[in-house]
Amino acid sequence: MRKLLTACFVILVASVPASAQDKPVDVNIGFGATFPTSGFKDSFDTGWDGTIGVTFNLNEHLGLQGEYIYARMNGPEKTILVSVNPGGIGSAQLIESNQQMHIGSFNLVYKNHPSDRVVGGYVLGGFGIYHRTIQLTSPAVGYTTFCDPYWYVCYPAVVSVDNILGDRSSNDFGIDVGGGVTFGHEAKFYVETRYHYVWGPSITTTGSTLPAAAGTVNCSSGCSSNASYIPLTFGVRW
C-alpha cells in the first residue's frame with residue numbers, strides 16, 4: 001500500500017505543469033467577522049475569526065488547501081430566574097456565554113487569476129473537523145431551570161446553578177463552500193466568504209424527569225445543536 005501511494009504521489013507531481021511547479025505552495029493569513037445564521041444566531045452574536053493556511057497547487061487553476069481557523073462568538077446577555085430554594089420565588093440573574101471553535105479545514109480550490117490581470121477570483125469547497133467549546137459563567141447562586149441546545153445544556157427541571165455553569169465541548173464534522181476575490185500579483189489581497197454547516201451532538205434533557213418549568217425548552221426526545229454560520233474574511237496570500 002505504501003509503495004502504491006508513493007507511486008501515485010510521484011505521478012501526480014510529475015503531471016503538474018511547470019507554471020504551477022514554479023510556485024507549488026501558497027500561504028494565506030486572514031481575519032474577519034463571523035455571522036451565525038438560522039437558530040444558531042439566537043444563541044450567539046456576531047463574532048470574529050482568524051485563519052492561516054497553505055494551498056498545494058496541482059496546476060494553474062486547481063489546488064488543495066489546508067487551514068487552521070479559530071472563531072469566537074459571544075452570546076447575547078441573558079437572564080435566568082434564580083431562587084434560594086428549589087421552587088422558591090426567583091430573581092433575574094445574568095448569565096454570559098461564548099463559543100470558541102478550533103477548526104481543521106480541507107478544501108479543493110478552483111482559481112482564475114491570469115498573470116496579466118490584477119483582479120482574480122476563486123471558489124472552494126470541502127470539509128472540516130470542528131472542536132467547539134461552550135463557556136457559561138454567572139455570579140448567580142441558587143436554583144434555576146435552563147435549556148439551550150446550542151449551549152450544550154438542558155435542565156428543564158430545577159437544578160443548582162452550578163450544574164449549568166462551566167465548559168462543555170464536542171468534536172464535530174462539518175462542510176463549507178464559498179469563494180473570494182483576489183487583488184494583486186505576487187502577494188494577493190483577498191476578500192472571502194463561506195457558508196459553514198456543522199453537525200453537532202443531540203442534546204437531551206439532563207437530570208430530573210419531572211415536567212419542564214413553564215417557558216423552557218424540553219429536549220427529552222433530543223434537540224439538535226447543528227450550527228451554521230458565514231464568515232467574511234480579509235487576508236493576504238503569497
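The values are calculated or read from the model by the stated rules, or taken from the named source; none is laboratory data. For clarity, every value in this text was computed on a predicted model and none was experimentally measured. Note that we place each Cβ from the backbone using ideal geometry, even for glycine, and neighbour counts take in every protein chain shown. Ligands, DNA and RNA are excluded from the accessible area calculation, which covers all protein heavy atoms including side chains. Shrake-Rupley method; radii C 1.70, N 1.55, O 1.52, S 1.80 Å.
Subtracting the Cα-Cα distance of K23 and E186 from 0.36 nm times their residue separation leaves 57.7 nm of extension gain.
Close Lys pairs in the chain, defined as Cα atoms under 27 Å apart and 8 or more places apart or on different chains, number 5. For Rg/Rh (Cα atoms, Kirkwood Rh), several values are listed as (1) 1.06; (2) 0.93; (3) 1.13; flag the one computed from this structure. So the structure-derived entry is (3).
Look at the alpha carbon pairs under 8 Å that are at least 6 residues apart: their mean separation over the length of the chain gives a relative contact order of 19 percent. Counting only Cβ charges, +1 for Lys and Arg and -1 for Asp and Glu, the dipole size of the chain around its Cα centre is about 420 debye. Helical content alone sets the calculated 222 nm signal of the chain at -2000 deg cm²/dmol, taking -39,500 (n - 2.57) per DSSP H segment of four or more residues and averaging over every residue.
May I ask which residue of G90, G121, V161 lies farthest towards the positive end of the charge dipole of segment 77-185, with charges of +1 (Lys, Arg) and -1 (Asp, Glu) on Cβ and the Cα centre as origin? Final value for the positive-end residue is G121. Taking the accessible area of the chain, probe 1.4 Å, and keeping the other protein chains in place, the carbon and sulfur fraction comes to 64%.
Quick one: helix 2-15 against the long Cα principal axis of the chain, what's the angle to the nearest 10°, folded into 0 to 90? Roughly 60 degrees between the two axes. Heavy atoms of the protein chains alone define the surface here; on that basis segment 23-174 has 46 Å² accessible area per residue at 1.4 Å probe size.
At an R0 of 35 angstrom, the distance between the Cβ atoms of Y197 and N98 translates into a FRET efficiency of 0.95.
Here the label points at D45 and Y68, each 7 Å from Cα along the C-beta direction, are separated by 2.9 nm in the simple model.
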